[in-house]
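Here the structure is laid out as structure tokens; the discussion comes afterwards.
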Amino acid sequence: MKANQGTRGRRRRINDPQGTRRNIVEVATGEFAQKGYSGARVDAIAGRTRTSKRMIYYYFRSKEGLYLAVLDEAYSGIRRAEATLDLEKLPPEDALRTIVGFTFDYYNKHPEFVRLVMNENIMDGAHMARSRTISKLNVTVIDALRRLIARGQKASIFRRDVDPIELHMSISALGIFNVANRATFSTIFKRDMTSPRALKARREEIVEIVLRHVRPRGSEPRIDKMNRLVHLSCNQRNRGKKWRKV
């Protein structure tokens with residue numbers, strides 16, 4: 001009976017190559033994110049998968065082949081998630097607010113993605129340059145931002161010189177910092193950057209920074225104008241009271 005169960009288990013693994021491949025990539029993602037390309041070991045990855053080292057080489061041919069598959073899946077994951085946002089259905093500012101907030105949230109929920117990007121940058125993108133898919137994958141987010149910017153410009157609420165790649169760079173940089181630098185920043189300034197309160201405040205700050213960046217220079221939100229008028233009115237009333245006391 002046990003022999004039959006073992007046979008069925010092996011058959012399921014053999015008959016599910018996609019499942020086996022996904023399992024290998026998932027485990028390898030953690031290994032490469034934690035230890036980098038040089039520090040990661042195929043033996044360690046094989047020991048935590050449902051397959052063997054020999055099968056890892058069968059599927060991916062080499063350690064670098066496995067690493068490239070991990071990078072491809074990491075970028076595919078964030079691009080797939082972005083595709084669910086339905087930005088076209090939202091007004092331009094709301095759409096931008098959505099994608100900025102989403103990016104911040106994604107990085108915090110997937111620190112392994114940030115670590116993979118950091119590790120690859122340490123190696124000057126040497127392995128990523130060999131990927132046939134990553135450049136194509138990232139065209140989608142630039143195209144989405146380009147359409148979003150065009151709608152905002154048509155409505156005269158975004159600057160005419162906003163570049164989609166520069167905007168993507170700013171959104172990514174602001175979001176990644178909270179994950180990439182949290183250990184050193186928290187240690188230096190004795191501030192918990194992972195608490196719900198800290199994450200909420202930082203998220204709102206980043207969204208506002210990006211929105212102010214794309215708005216026409218010299219413009220300001222209507223709500224800010226109202227707040228300033230209220231503030232000015234209060235100051236005038238207070239000054240009047242002081243004069244009456246004198």
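In table form, for the structure just shown:
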| read-out | value |
| --- | --- |
| Checking residue 51 against (1) among the β-branched types (Val, Ile, Thr); (2) in a helix (DSSP H, G or I); (3) outside the structural domain of residue 153 (by TED's automatic domain parsing), the condition it does not meet | (2) |
| Selection count where residues are farther than 27 Å from residue 202 by Cα, of a type outside the set (Gly, Ala, Ser) and out of contact with any helix residue (DSSP H, G or I) (no Cβ under 7 Å at 6 or more places or on another chain), scope segment 127-152 | 3 |
| Subset of segment 51-84 (residues that are surrounded by 15 or more Cβ atoms within 10 Å (Cβ to Cβ) and among the aliphatic types (A, V, I, L, M)) | 55, 56, 66, 68, 69, 70, 71, 74, 78, 81 |
| Filtered residue count, segment 164-204, keeping only those that are of a type in the set (D, E, K, R) and either under 18 Å from residue 149 (Cβ atoms) or surrounded by 17 or more Cβ atoms within 10 Å (Cβ to Cβ) (or both) | 4 |
| Residue match in segment 18-41 (condition: within 21 Å of residue 139 (Cα to Cα), of a type outside the set (Asp, Glu) and surrounded by fewer than 18 Cβ atoms within 10 Å (Cβ to Cβ)) | no |
| Segment 69-124, subset among the hydroxyl-bearing types (Ser, Thr, Tyr) and under 12 Å from the mean Cα position of the chain (by Cα), residue nearest to residue 154 (Cα to Cα) | 103 |
| Residue match in segment 82-90 (condition: among the β-branched types (Val, Ile, Thr) and assigned to a helix (DSSP H, G or I)) | no |
| Residue in segment 147-154 that is of a type outside the set (Phe, Trp, Tyr), more than 29 Å from residue 218 (Cβ to Cβ) and either exposed (fewer than 15 other Cβ atoms within 10 Å of the Cβ) or not assigned by TED's automatic domain parsing to the domain that holds residue 200 (or both) present | no |
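The values are calculated or read from the model by the stated rules, or taken from the named source; none is laboratory data. Remember, predicted model here, so these are calculated numbers, not experimental data. A quick note on method: Cβ atoms are made from the backbone with ideal geometry, for glycine too, and the neighbour counts reach across all protein chains shown.
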